[in-house]
Structure formats: structure tokens, C-alpha cells
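Quick note: the coordinates plus some simple rules give every number you see, no bench work behind them. Please read these numbers as outputs of a predicted model, since none were measured by experiment. Cβ placement follows ideal geometry from the backbone for every residue including glycine, while neighbour counts extend to all protein chains displayed.
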Amino acid sequence: MSRADLIDDLLAGRAKYSSIFNYPTLNWADIGAVGWLVDGAAIVNQVALQRTSYGPYARAMVRICKEESFHARQGYDIMMKMSFGTEAQKAMAQDALNRLWWPALMMFGPPEAESVHSAQSMAWKIKIMSNDEGRQKFVDQTIPQIEYLGLDIPDKEAKLNKKTGHYEYSDPDWSEFFDVLKGNGPCNVDRMAARNKAHDDGAWFREGLLAHAEKQQIAAE
């Protein structure tokens, strides 16, 4: 499959992309929450993928994790400034956390029993940990960060199990997750419209590049 085929599939809505990008970012606090939560969740998955059985992907993950770590640190720094700022700023930070917490948990995919490809990927060691294991790791590392910020945990049922050392938490609304995957999320339509517009608006540039390349080839001959 060529790069052009992949782009066509994306623009036509046939290709999947991360569900988190179908949720809106409303203000500056959202930028911080996205960096902290979304990139933080991605890092949990990507660190494990450094040990995947597919060598090129594993090697690429080393560099990707370094870049993602910067985004996560930047996001948390924004949230710290907001949480320790004015009451209005702290309220914005809390609102952003409330809205993005559940979509961040969904980034790990559905529970193992509902995951179509997870078992096969685990057998081939393409995946190193299950969706539920990754989600638990994310929850365990993020709740103490929420507490440090002085914010309320969006999941009112979340609590530390002292016997296991892990936090117990509520399941996200998986019907919402699957609905977003079907193209019915808050921003699915707007996102695809923006991508198609950008592709159409850039046609002149792509055509120019091809014309230039053809001239160079003719000159070389």
C-alpha cells in the first residue's frame, strides 16, 4: 500500500486514528490536560512497545518516547501553573481534567474480552502488555499527580487498594468509545472536514513538486 493510498483511506474515513482526537480542546487548560493525560497515556503504551517483536517499530519507539515525554512534562507544567494560580484558573484546570480523563482511559482500547486483535498481537509479542494492564499503570501513576495538583479525581469511585498497591477505578463508558470509532464523536465530522480541506488546499503545492521533479528528471536525461 502506497502513502497516497493511506492518505486516501484516512480522508475517506476508512482508516482509523486515535479516538482522543475526536474530542474538543476549548481553552488553554485543555492544552495542558491533553499534553499531560493524552501523551502520558501514549507513553505508557510506547515504552512497552520498545520491546515489541517488530524491530523497526521497537527502535522507532525509543526516539518517539523522548519526544512524547517532553509533551507530557510541558502539559503537566501548564496544569501546575493553572492549579496553583487563581481560583478561576484552577477551575479551568479541573474542568479540563473532568472532560479528558475518561477519553484518556479509552486510549488503551477496550477490555481484553472486547478487543478484537489483542490476543493475537500478544501471542506474536507485537503487544507486550494488555489494554487493561496499560490502563492500570496509567491510573496508578496519574492519580497521585492529580492529588499533588489539589484537583478532584473525576472518578468518584477511585481508591487505593492497599493490599494490591493499585488504584481501583470505574470503567469508562465503552458505548461512547465505540460510537466515536464509528464516526459519531463530538468532533469526528469537523476533524474529517478539516483534513479534507487541508488536502484540497494543498493540491497546488503537490502538483508543483511533481512538475519540478519531472523537469529535473528530464534535465538529468
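Taken over the stretch 153-182, residues that are surrounded by fewer than 16 Cβ atoms within 10 Å (Cβ to Cβ), in a loop (DSSP other than H, G, I, E, B) and touching a residue at least 60 places away in the same chain (Cβ under 8 Å) amount to 2. If you go through the stretch 1-23 and keep only what is under 11 Å from the mean Cα position of the chain (by Cα) and not hydroxyl-bearing (S, T, Y), you end up with I20, F21, N22. Quick one: which residue in W102, W124 is more than 20 Å from L181 (Cβ to Cβ) and aromatic (F, W, Y)? Testing whether each residue is more than 20 Å from L181 (Cβ to Cβ) and aromatic (F, W, Y) leaves just W124. For the stretch 126-152, which positions are over 20 Å from the mean Cα position of the chain (by Cα) and either assigned to a loop (DSSP other than H, G, I, E, B) or surrounded by 18 or more Cβ atoms within 10 Å (Cβ to Cβ) (or both)? Residues satisfying the conditions are L149, G150, L151, D152. Contact map, the stretch 48-73: residues that are within 15 Å of M129 (Cβ to Cβ) and without any contact (Cβ under 8 Å) to a residue 24 or more places away in the chain paired with residues that are of a type in the set (D, E, K, R) and exposed (fewer than 12 other Cβ atoms within 10 Å of the Cβ), Cβ distance under 7 Å, separation 6+ or inter-chain. Pairs shown: A58/R51. Since P110 meets every condition but one in (1) touching a residue at least 12 places away in the same chain (Cβ under 8 Å); (2) within 28 Å of Q136 (Cβ to Cβ); (3) outside any loop (DSSP other than H, G, I, E, B), which condition does it not meet? In the conditions (1) touching a residue at least 12 places away in the same chain (Cβ under 8 Å); (2) within 28 Å of Q136 (Cβ to Cβ); (3) outside any loop (DSSP other than H, G, I, E, B), P110 misses (3) alone. Every listed requirement among (1) free of Cβ contacts under 8 Å to residues at least 60 places away in the same chain; (2) out of contact with any Pro (no Cβ under 7 Å at 6 or more places or on another chain) is met by G185 save one, (1).
P103 fulfils the conditions (1) closer than 25 Å to M80 by Cβ; (2) surrounded by fewer than 19 Cβ atoms within 10 Å (Cβ to Cβ) except for a single criterion, (2). Restricting attention to the stretch 7-34, the residues that are surrounded by 12 or more Cβ atoms within 10 Å (Cβ to Cβ), without any contact (Cβ under 8 Å) to a residue 12 or more places away in the chain, in a helix (DSSP H, G or I) and among the aliphatic types (A, V, I, L, M) total 0.
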